[in-house]
């Protein structure tokens, strides 16, 4: 298993921001799986879903996971909300589940200065009932895969990073 720290959780929970804070704290690099996929095909995630569909996007996530497994170590990896479904997740490193409620995620995004852009990037969050349903389906899977679970609500990115680092002995 690689010595990466893999952040999983629902869309909008703050995986990218937490990854950057954790990388700063632990002197690691950080990489985002959605950014990897976008660079691999030179398309935005939403356009991949529109043009090629979810099945093809999930195949691309697996390809990114395979690349990470063999080429990346000592890195903090932030993932897309559904990346936890890749077959080799546990071989990529220690898995940290960032937990919050859908309502708290939505409120956090709405209070962000770039709220409109952030909601546009996550269209599923415009239908909170549908988002709640998906969250409830994923929650047991997130928890089953995680080596560590961190509740993020009410914490700064650095507080989240410090808690993760403490749990991992960093």
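Some points to look at:
- With respect to (1) surrounded by fewer than 17 Cβ atoms within 10 Å (Cβ to Cβ); (2) within 20 Å of residue 4 (Cβ to Cβ), the lone exception for residue 164 is condition (1).
- One residue from 133, 120, 129 being modelled with pLDDT under 75 and farther than 30 Å from residue 3 by Cα: 120
- In a residue-by-residue description of the stretch 53-63, the property of being buried (at least 18 other Cβ atoms within 10 Å of the Cβ), within 21 Å of residue 144 (Cα to Cα) and over 14 Å from the mean Cα position of the chain (by Cα) applies to no position.
- Residue under evaluation residue 73, criteria (1) at pLDDT below 90; (2) closer than 19 Å to residue 23 by Cα, criterion not met: (1)
- Residues considered: 3, 35, 66. Of these, the only one that is over 16 Å from the mean Cα position of the chain (by Cα), on the phi < 0 side of the Ramachandran plot and surrounded by 14 or more Cβ atoms within 10 Å (Cβ to Cβ) is 66.
- Looking across the stretch 91-117 at every residue that is in contact with a helix residue (DSSP H, G or I) (Cβ under 7 Å, 6 or more places away or on another chain) and not in a strand (DSSP E or B), the one that is modelled with the lowest pLDDT is identified as 115.
- Among the residues making up the stretch 68-100, a single one is within 24 Å of residue 24 (Cβ to Cβ) and without any contact (Cβ under 8 Å) to a residue 40 or more places away in the chain: 71.
The values are calculated or read from the model by the stated rules, or taken from the named source; none is laboratory data. Note that the coordinates shown come from a computational prediction; the quantities given were computed from them, not determined experimentally. Glycine gets a Cβ as well: all are built from the backbone with ideal geometry, and neighbour counts include every protein chain shown.
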